[in-house]
Amino acid sequence: MNKRKGSYYLTTAIAYASGKPHIGNTYEIVLADSIARYRRMQGYDVFFQTGTDEHGQKIEEKAKAKGMEPKQFVDEVAGEIRRIWDLMNTSYDKFIRTTDDYHEAEVQKIFKKLYDQGDIYKGSYEGWYCTPCESFWTESQLEDGKCPDCGRAVVKASEEAYFFRMSKYAQRLIDHINAHPEFIQPVSRKNEMMNNFLLPGLQDLCVSRTSFKWGIPVDFDPGHVVYVWLDALTNYITGIGYHCGETGTEQFQKLWPADLHLIGKDIIRFHTIYWPIFLMALDVPLPKQVFGHPWLLQADGKMSKSRGNVIYADDLADMFGVDAVRYFVLHEMPFENDGVISWELMVERMNSDLANTLGNLVNRTIAMSNKYFGGIVADKGAAGDPDNSLKEVVTGTAAKVEDKMDQLRVADAISEIFTLFKRCNKYIDETMPWALAKDPEQQDRLATVLYNLVESITVGASLLQPFMPETTEKILAQLQTQQRPYEQLDAFGLYSSGSRVTEKPEILFARMDIKDVLAKVEVLQAAQAAAAAAESGDAAPAAGGDAAGSEEAAGDAPAGADKAADIHVELKDEITYDDFARCQFAVGEVIDCQAVPKSKKLLCFQVKIGDQTRQIVSGIKKWYPDPAKLVGKKVMALINLKPAKLAGLDSEGMLLSAEDAEGNVCLMTPEKDMPSGSGIC
């Protein structure tokens, strides 16, 4: 493999400093870190920037509610955000804060330049304002009278403000997007921006506020502060030495344009429309790519501090370890659709993927090397039938990982590495070292088998480094070798023959009991709810009681589900057991569910069944009008049904449902929380 060189500038969206980030917020920094580490491994000179967005009305109000000055408040929150980023072992090079003096000074210069050249003008604004999103909306843009982005209540607002002439640059941006199809990824995000915003025509954008004070002052017009998006977005250039109206620092010249802006899909509009237009007005090149990643959702519904069910990275890390959390959030997030997290799924992944597939592989390989050869690993050249198949997987994995990472399909890249580890486990079953050990004439073959395993694990662990850096370090230390250089990851046989593995292998990941974990989670949630109640001045909820949760659960049931009238059952023709045995039923977990456009009946499910995901189209929209509520539910499915096309979509199975006498339908779910992929018999 060729080692590539050059600079690579990667950014995350800067975290809004309004409170402690939950695991969904933390996912982005871990994702960015895995990309940064992988590019470094390839030989790139990476600069990885993250930070905090610290101005705005919401922060001003939160600080006031706590009896704090805004700067004191954001200092505290920014410190907590940085603590979480550091806890997750993220290798950022720069942590910028929008309260940094140099940033504030540069934003004032940018605002003045844009005003002087006529891109910004003074006017007044009357419309609907969403404080959490820091966004203005017209009446026609509201959805059911609420913010179209977050669904929260909006307030009527009217004030003097400065505006940016967005339409001046709209066609130029459209042309750029059409000429650079890689600019906005995934493609669905590009289509959304073009069809919903750019092509219908852009409205001028409010870029200053007078109704609050916590922001960067417009230095030539006291009373105005720079609106948060013009302030926040410019961090990507001020953080690397941009000087408005000047050449900029050597670092800016080296790094800009950014190779990748990594952001959540909820702020894609700001980064692919407003930010490029600001840059065009400043005569600064546009970033090479903006990737709007999906969300990491909680399986049991919306996270709420009052309910005590918000999942934080530090709580997960305390329970499972940092690398296990990194593995989970990276592996469970699809490329384009939202991912799901739950304590139960964490335990399942911990036990199956980490403790069994990886941890047990490393442990027993080292244990057998010590048992049979005193820890000496030597290639005796005694080849056997499965060897070539193993080597083919090992030497081909790096190229597959590179292909996935070039597409930012990080979850798929990790899956390729674990395919290597699974092949190693299969190799053990095929070669049966314990049987070879009983035959004195097979000692060279046994030694070669163990050498092949150690070599394969070395390659796999080296590839794993960007995603699970501490685990890679532990594995290689136990094999008493170094991380394999990137350009050698497609080779086999580089482990030094005659080397010695550690005498006592360390257990990388211990299996966990779901009951023990959930007992600890109950304590965490009770403490979280009590803290939220104390903060709001409300009484803490009674242990185990949640009336709101009961109402939500009842609301999930389809109409008529409480009726118990006897139903006459019409028997179909009898079948034999062989007929039944041909049907394969399994438990699946809904990881995404969307209404099928232009269909009154169909929902499109993404159902995780073991280590694969099936798309299943089902005509139950009438009984489940809010498909988002189905995400995270365990369902029962027929999975070997011949695929069919419904409304132009491939359906790869059938969900099992019950229907009462009045035609009401309810999805069948397992009585207990069974792992996805469990067989139904």
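Partners of residue 112 within straight-line reach, counting aspartates and glutamates whose Cα lies under 16 Å from its Cα and excluding those fewer than 8 residues away in the same chain: 104, 219, 221, 231, 246, 283. Net charge in the neighbourhood of residue 367 (other residues with Cβ under 11 Å of its Cβ; Lys, Arg +1, Asp, Glu -1) is +2. Remark on residue 212: its backbone amide H falls under 5 Å from none of the residues 5 or more positions apart or on other chains, H modelled at 1.01 Å from N.
If you take all other residues with their beta carbon under 14 Å from the beta carbon of residue 265, and give Lys and Arg +1 and Asp and Glu -1, the sum is -4. Relative to the longest principal axis of the Cα atoms of the chain, the long axis of helix 101-116 makes an angle of roughly 50 degrees. Reducing the stretch 142-199 and the stretch 618-658 to their Cα centroids gives an inter-centroid distance of 33 Å.
For Cα extents along the principal axes in Å, the candidate list reads [x] 89, 75, 52; [y] 71, 71, 50; [z] 81, 66, 44; the entry that matches the value derived from this model is [x].
Between helix 387-406 and the chain there is an angle of about 0 degrees, using the helix long axis and the longest principal axis of the Cα atoms.
Sequentially through the stretch 310-322, phi angles give Karplus couplings (6.51, -1.76, 1.60; θ = phi - 60°) of 6, 9, 10, 4, 5, 5, 5, 5, 4, 7, 10, x, 4 Hz, Gly and Pro residues having no value and appearing as x. Determine the sum of side-chain charges near residue 286: Lys and Arg each +1, Asp and Glu each -1, restricted to other residues whose C-beta is under 15 angstrom from that of residue 286. For residues surrounding residue 286, the net value is -1. With loop membership from DSSP and a limit of 10 other Cβ atoms within 10 Å, the longest segment of the chain without trypsin sites (Lys or Arg not before Pro) is 6-437. If R0 equals 60 Å, the separation of the Cβ atoms of residue 443 and residue 516 corresponds to a calculated FRET efficiency of about 0.90. Dipole orientation for the stretch 577-680: of the candidates 616, 646, 675, 646 has the Cα lying most toward the positive pole (charges on Cβ; Lys, Arg +1; Asp, Glu -1).
Under a model in which nothing but the beta-carbon of Lys, Arg (+1) and Asp, Glu (-1) is charged, the stretch 53-139 shows a dipole of about 80 debye around its Cα centre. Between amide H atoms placed 1.01 Å from N, distances below 5 Å from residue 407 occur with no residue 5 or more places distant or on a separate chain. Taken one residue at a time, the phi angles of the stretch 426-441 give Karplus couplings (6.51, -1.76, 1.60, θ = phi - 60°) of 5, 4, 4, 5, 6, 8, 6, x, 4, 6, 4, 5, 7, 10, x, 6 Hz. Gly and Pro are set to x.
Taking Cα atoms only, the orientation of helix 469-479 departs from the longest principal axis of the chain by about 20 degrees. Assuming charge only on the beta carbon of Lys and Arg (+1) and of Asp and Glu (-1), the dipole of the chain about its Cα centre is about 960 debye to the nearest 20.
Here the relative contact order of the stretch 577-680, from alpha carbon pairs under 8 Å that lie six or more residues apart, stands at 32 percent. For the chain, 150, 206, 244, 424, 583, 593, 604, 666, 681 stand unpaired, since no other cysteine beta carbon lies under 4.7 Å from theirs. Computed from backbone phi with θ = phi - 60° and the Karplus coefficients 6.51, -1.76 and 1.60, the 3J(HN,Hα) list for the stretch 120-136 is 10, 9, 9, x, 9, 10, 9, x, 10, 10, 9, 5, x, 8, 6, 9, 8 Hz; x is used for glycine and proline. Between residue 16 and 53, the built amide H atoms are under 5 Å apart, and every one of these is 5 or more places off in sequence or on another chain. Summarising the label geometry, the points placed 7 Å from Cα in the beta-carbon direction at residue 87 and residue 669 lie 3.0 nm from one another.
The dipole here belongs to the stretch 346-388: it is taken about the Cα centre, uses +1 on the Cβ of Lys and Arg and -1 on the Cβ of Asp and Glu, and is about 220 debye. Which of 395, 351, 377 sits closest to the plus end of the dipole of the stretch 317-500, meaning its Cα is farthest towards the positive end, when Lys and Arg get +1 and Asp and Glu get -1 on the C-beta? About the Cα centre, the residue reaching furthest to the positive side is 377. Could you pull out the pairs from 621/672; 122/168; 621/645; 380/504 whose alpha carbons sit more than 19 Å apart here? 621/672; 380/504, as the Cα separations exceed 19 Å there. Which percentage, to the nearest 5, of the DSSP beta bridges contained in the chain is antiparallel? So the antiparallel bridges in the chain amount to around 70 percent. With unit charges on the beta carbon (Lys/Arg positive, Asp/Glu negative), name the residue among 257, 236, 6 whose Cα is farthest towards the positive pole of the charge dipole of the chain. The residue sitting farthest along the positive end of the dipole is 6.
Every helix of 4 or more DSSP H residues in the chain counts as -39500 (n - 2.57), and over all residues that averages to -12000 deg cm²/dmol at 222 nm. Checking the Cα-Cα distances for 66/213; 422/608; 515/634; 265/629; 400/633; 146/265 against a 23 Å cut-off, the pairs over it are 400/633.
Each value in this text was obtained by applying a stated rule to the coordinates, not by laboratory testing. Given the structure is predicted, the values throughout are model-derived calculations rather than measurements. Reconstructed Cβ throughout: ideal geometry from the backbone, glycine too, with neighbour counts over all protein chains shown.
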